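The block underneath contains the structure these notes are about, expressed in structure tokens.
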Amino acid sequence: MIVDRKRVGLAVLLISVLIASYLRLANLGLPALWIDEVLLLRFTEHPTPQELIPQLAVWSMTSIFGNSEFVIRLPFAIAGILTVAAIPLVIKKDTAFPAMVFVAVFPLLVFWSRLARPYAMAGLFIVLAWRWKWFMIPALLCTPIAILGANFRRMRSPIFWSAMLAIAAISFVVRPDAGDRNFFDLSFILTARRIWYVPVLAAVLWCADYLFDQRKSRDPGTPGRGKGELVEQ
């Protein structure tokens, strides 16, 4: 029996996006905004380099649709859904499909996609930067933590890295809590779940993209095509 892998892949994509949409949009307006979300909303009145793109996204949505919890959180939920859909665009291998499913349902990634915080939006740009490196710039304009998701194998230009480090440094300096002595405390880094959104997403991309290289080195498969790549019927 011949399986049309293109159709199977499309089915997995659609199911993953539907699941991701439900998990991120259902009851999105509950509970009420918490303090960090309120601060982001206030920053939209006077945008700063810190979380600039999320501020502009929230400002655009609230200018049109009002200031409800659902509307304020909607750009980040959409970013989380698009992150799932973007994975097969940048990783054209069979391993993209389990990566999509994982990102769609993993609780930490779902949780931070349902809040008006910059991590889901940064995650979308990180996935796009996996293939088009300049998307790392808007990722860093979401949060400097995005630098932890950089694809080091494809970003080797010293000029590019200098630009990324400069943006990340400026974003850290302008943070109102940057002077807090506990800001870089190890216990804070280990226990703050929001910091782990980007490393977890980057780990999924690394496994999906470069684990395949190890498989190919063990079994070259068909000449001119890696064994794990998608085959169009």
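The values are calculated or read from the model by the stated rules, or taken from the named source; none is laboratory data. Just so you know, these numbers come straight off a predicted model, no measurement behind them. Please note: Cβ atoms are built from the backbone with ideal geometry, for glycine as well, and neighbour counts cover all protein chains shown.
Give the number of residues within segment 24-80 that are touching a residue at least 60 places away in the same chain (Cβ under 8 Å), over 13 Å from LEU115 (Cβ atoms) and of a type in the set (A, V, I, L, M).
3
For segment 126-141, how many residues are in contact (Cβ under 8 Å) with a residue 60 or more places away in the chain and touching a Phe, Trp or Tyr at 6+ places or on another chain (Cβ under 7 Å)?
Count: 1.
Is one or more of the residues making up segment 44-51 closer than 18 Å to ALA120 by Cβ and either assigned to a helix (DSSP H, G or I) or modelled with pLDDT of 95 or more (or both)? Step through it out loud before you land on a result.
Initially, segment 44-51 is screened for residues closer than 18 Å to ALA120 by Cβ, giving 44, 50-51.
Checking which are either assigned to a helix (DSSP H, G or I) or modelled with pLDDT of 95 or more (or both) leaves us with none.
No, every residue in segment 44-51 fails to be closer than 18 Å to ALA120 by Cβ and either assigned to a helix (DSSP H, G or I) or modelled with pLDDT of 95 or more (or both).
Those residues that are buried (at least 18 other Cβ atoms within 10 Å of the Cβ) and closer than 14 Å to THR83 by Cα, I need them from segment 14-39; list them, please.
SER16, ALA20, LEU23, ARG24 - these are the residues of segment 14-39 that are buried (at least 18 other Cβ atoms within 10 Å of the Cβ) and closer than 14 Å to THR83 by Cα.
Out of curiosity, is TRP134 over 15 Å from ALA79 (Cβ atoms), assigned to a helix (DSSP H, G or I) and either modelled with pLDDT of 90 or more or not basic (Lys, Arg) (or both)?
When the stated conditions are applied, TRP134 passes them.
What residue, among those in segment 86-128 that are under 17 Å from LEU23 (Cβ atoms) and among the charged types (D, E, K, R), is surrounded by the most Cβ atoms within 10 Å (Cβ to Cβ)?
Taking the candidates together, the pick is ARG117.
Can you say whether ARG131 is in contact with a helix residue (DSSP H, G or I) (Cβ under 7 Å, 6 or more places away or on another chain), crowded, with 21+ Cβ neighbours inside 10 Å and not hydrophobic (A, V, I, L, M, F, W, C), as far as the supplied structure shows?
It is false that ARG131 is in contact with a helix residue (DSSP H, G or I) (Cβ under 7 Å, 6 or more places away or on another chain), crowded, with 21+ Cβ neighbours inside 10 Å and not hydrophobic (A, V, I, L, M, F, W, C).
Listed here are the residues, each with its yes/no results for (1) within 18 Å of the chain's Cα centre (by Cα); (2) of a type outside the set (A, V, I, L, M); (3) under 30 Å from MET164 (Cα atoms).
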{"residue": "VAL8", "(1), (2), (3)": "no, no, no"}
{"residue": "ILE15", "(1), (2), (3)": "no, no, no"}
{"residue": "LEU25", "(1), (2), (3)": "yes, no, no"}
{"residue": "LEU28", "(1), (2), (3)": "no, no, no"}
{"residue": "HIS46", "(1), (2), (3)": "no, yes, yes"}
{"residue": "LEU52", "(1), (2), (3)": "yes, no, yes"}
{"residue": "SER63", "(1), (2), (3)": "no, yes, no"}
{"residue": "LEU82", "(1), (2), (3)": "yes, no, yes"}
{"residue": "ILE87", "(1), (2), (3)": "yes, no, yes"}
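Can you give me the number of residues within segment 40-82 that are closer than 30 Å to ILE15 by Cβ, crowded, with 18+ Cβ neighbours inside 10 Å and acidic (Asp, Glu)?
0
Being assigned to a loop (DSSP other than H, G, I, E, B), of a type in the set (A, V, I, L, M, F, W, C), closer than 23 Å to PHE106 by Cα and at pLDDT 95 or above is true for just one of LEU28, LEU23, LEU74, LEU14. Which residue is that?
Values: LEU23 fails: assigned to a loop (DSSP other than H, G, I, E, B); LEU74 fails: assigned to a loop (DSSP other than H, G, I, E, B); LEU14 fails: assigned to a loop (DSSP other than H, G, I, E, B).
Answer to the check: LEU28.
Report yes if some residue within segment 124-141 is charged (D, E, K, R) and within 27 Å of PHE65 (Cα to Cα); otherwise report no. It would help to see each step written out before you state the result.
Applying the first criterion (charged (D, E, K, R)) to segment 124-141 yields 131, 133.
Keeping just the survivors that are within 27 Å of PHE65 (Cα to Cα) gives none.
Within segment 124-141, not a single residue is charged (D, E, K, R) and within 27 Å of PHE65 (Cα to Cα).
Find the residue count for segment 1-13, including only residues that are surrounded by 11 or more Cβ atoms within 10 Å (Cβ to Cβ) and closer than 22 Å to ILE81 by Cα.
Qualifying residue count for the region: 7.
Failed condition for ASN67, given (1) outside any helix (DSSP H, G or I); (2) under 20 Å from PRO144 (Cβ atoms); (3) not aliphatic (A, V, I, L, M), with all others met?
(2)
Name, by its number, the condition in (1) outside any loop (DSSP other than H, G, I, E, B); (2) buried (at least 24 other Cβ atoms within 10 Å of the Cβ) that does not hold for CYS142.
Unmet condition: (1).
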